[in-house]
Every structure is written in C-alpha cells, then in structure tokens.
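The values are calculated or read from the model by the stated rules, or taken from the named source; none is laboratory data. Just so it is clear, the model here is predicted, and its values are computed rather than measured. With ideal geometry, Cβ positions are generated from the backbone for all residues, glycine too; neighbour counts draw on all protein chains shown. For the accessible areas, the whole protein counts, side chains as well, though only heavy atoms, and no ligand, DNA or RNA atoms are used. Shrake-Rupley method; radii C 1.70, N 1.55, O 1.52, S 1.80 Å.
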Amino acid sequence: MAAMIDEDDRAAAMRWFLVLNEEPVSAEDRAAFARWLAGGEGRVAAYARAEELWDRFGAVKPAWQRMQTRRRVGRRAVLTGGVALMAGAAASGLVAPGRLLAEETTGTGERRELVLADGSRVELGGRSALSTRFDGNHRLVTLEAGEAWFRPATDPRPFMLRTGEGLITAGPAGFDVKRREGRTIAAALDGPLRLHPAEGAPADLAAGHRAEFDRRMAGSPRPCRADEVLAWRRDRIVFEDETLAAVVEDLDRYRPGRILLGGDRVAGLKVTAVFDLTRPDQALDILAETLDLRIRRLAGLALVTRAG
C-alpha cells in the first residue's frame, strides 16, 4: 500500500526539493534534509511526488518564463514570498526551482548544444542552466548551475562568464567550467583564461591547465587533458583523486533523484575512476564495492553510508 502523504509533508517536501536544487547546497541543508526524510515513509513519498512535479514542469516552463521580471527571482524568495505560487504548484503540477528561471536549462542526464546570439558555441551538461546578457560593450554569460563547454566567437566585445564565485574572462578559445558547492572549476583547454574571484585578486590560467576558485581566491593551477575534462560530452566522466563528495555532486546531475552521503568520513573518501554517465547507478554500485559502502535506495534517493 502506498504511503499516505499529509499536507504538511507535501509542503515540506516541495520546500526541500527547491532547496536541494539551489546552487550551491550547503552541507547543513543536506544533513537537515536527511534528518527530515528519516521521519517516515510519508515523507519519502512526498519527496518522490515533488520530483515528479519537476519532470512535469517542462510543459509549462515557457509560460513561467514570461512571468519573470528583469530582476531574477531567487528560489528562496519564491519560498518566502510565493505562498500562492507554491499552493498552486501542488494543484497544477508546476514546480519552479530558481535554476529553471535561466534562459537555457537541461534536465537530468541531458546535454544540449547552443549557439548564442554572438555566434559563440556552448554545450550544457546534465542539470545545467545558463543565461546571457549581451549589449554594445559586453558579452556576459551566467552559468547558473552545472557544467558547460564554451567556444566564444571572435568579437571586439569581451566575453565574460559569471558564476556564483566570480567572473572568468576568455578569448576565442575553448574552455570548460563546472560549478560545485561553493566552488567554480575552470579548465583552459585551447587558450588562456583569467579568473576573477568575487572578493579576491585575479589569477591567470594558461592553456592546458585547470584551477578552482571560490569567492575569496583561486587555487593553484594543475595540468589537465582536454579529452579527460570533456569526457562528459561522450557520456563518460573521469575522476582523479577526487573526494566522494565531489564525485557524488557530479553524478547527481546524471541520475534521477538525489544521492545523499552519510557523514564526513564517507564524503572525504578519495576516488580515482572512469564512469559511464548513462549508467550512474552502476557507478554507485562500483563505488560501494570498492570503498566498502552501503547504498540504500528509496523513491529515487540513494543514501550512501559505511557498510559496517
């Protein structure tokens, strides 16, 4: 028999769904969600229903986009100020996470190739989102979430990419940018980049190198290979001495539902592997076997804990 869902759990599940699709999601939010979810099967069912509404959002997204104002509405603003919208969502199947307010978005496991107004080429990875603002002097692209490959068109106007952590300026050469919790990872593949942390000094990144930065500073560059960085464009993903938390954050964009880690000891485990992005659950099973982990799957969620 299906678990009964009361209205309080239904509303809470929708709020949690929006929070977990915010970029970035804090460790505190993830832990609080895990505690809430453990409160009963009704909550599991309520969260599964929220994810179903996400999938149905695509049919009404154009109408929602027309409702946008010039100032981007944040997800938490929707939660605190959009009571009527949230109530309507439960009745109509409309879920509007802030990620979906971007001009271009991809769903779970989806890739999309774009040509921007200036002729620049872009490929978006799974669960990614992008917006643009071009005028007579600048070309500003915002990567709201996820990962994307860029090849800016030759143009006298500077090409600037914005993330939550700062700006990247680029010339007409291919590069890759990935957003993780509180960090941006940039890979200069065919030409140099300049990284501008929001609150720190700029740093130059030479071709053939990658570096991550947060709002305060950029980390040390390290060599990278284009075929490994861009493996996601061929349905593969490469990890070299990455934490399990980072691995899960990337896999999460290619697997329906959510992956939750049970504690810092699990999150900090190191992973070197190549996975098939079309089979993310197989990747989880491989991780469980090699790292002595236990995976509990329920209603689209996968809870990863120590086996012992």
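The table that follows gives values for the structure above.
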item: Whether region 246-287 is rounded, prolate or oblate, judged on the alpha carbon gyration tensor where a/c under 1.5 counts as rounded; result: oblate
item: Segment VAL238-ARG157, length gained on full extension (0.36 nm per residue, minus Cα span); result: 25.7 nm
item: Nearest-0.05 FRET efficiency for ALA231 and ALA307, computed from C-beta distance (R0 35 Å); result: 0.75
item: Rounded, prolate or oblate (a/c below 1.5 giving rounded, otherwise prolate when a/b exceeds b/c) for region 149-272 by Cα gyration tensor; result: prolate
item: Difference of contour (0.36 nm per residue) and Cα-Cα distance, GLU41 to SER26; result: 2.9 nm
item: TRP16 - accessible surface, heavy atoms, 1.4 Å probe, Å² rounded to 10; result: 40
item: Coil-residue trypsin sites (Lys or Arg not before Pro) of region 166-257, DSSP, other Cβ within 10 Å capped at 13; result: ARG216, ARG225
item: THR132 - accessible surface, heavy atoms, 1.4 Å probe, Å² rounded to 10; result: 40
item: Label-point gap, in nm, between ASP6 and ASP118 - each point 7 angstrom along Cα→Cβ; result: 5.5
item: Estimated distance in nm for a label pair at SER220 and HIS138, the labels positioned 7 Å out from Cα along Cα-to-Cβ; result: 3.3
item: Accessible surface of region 252-304, 1.4 Å probe, proportion on carbon and sulfur as whole %; result: 49
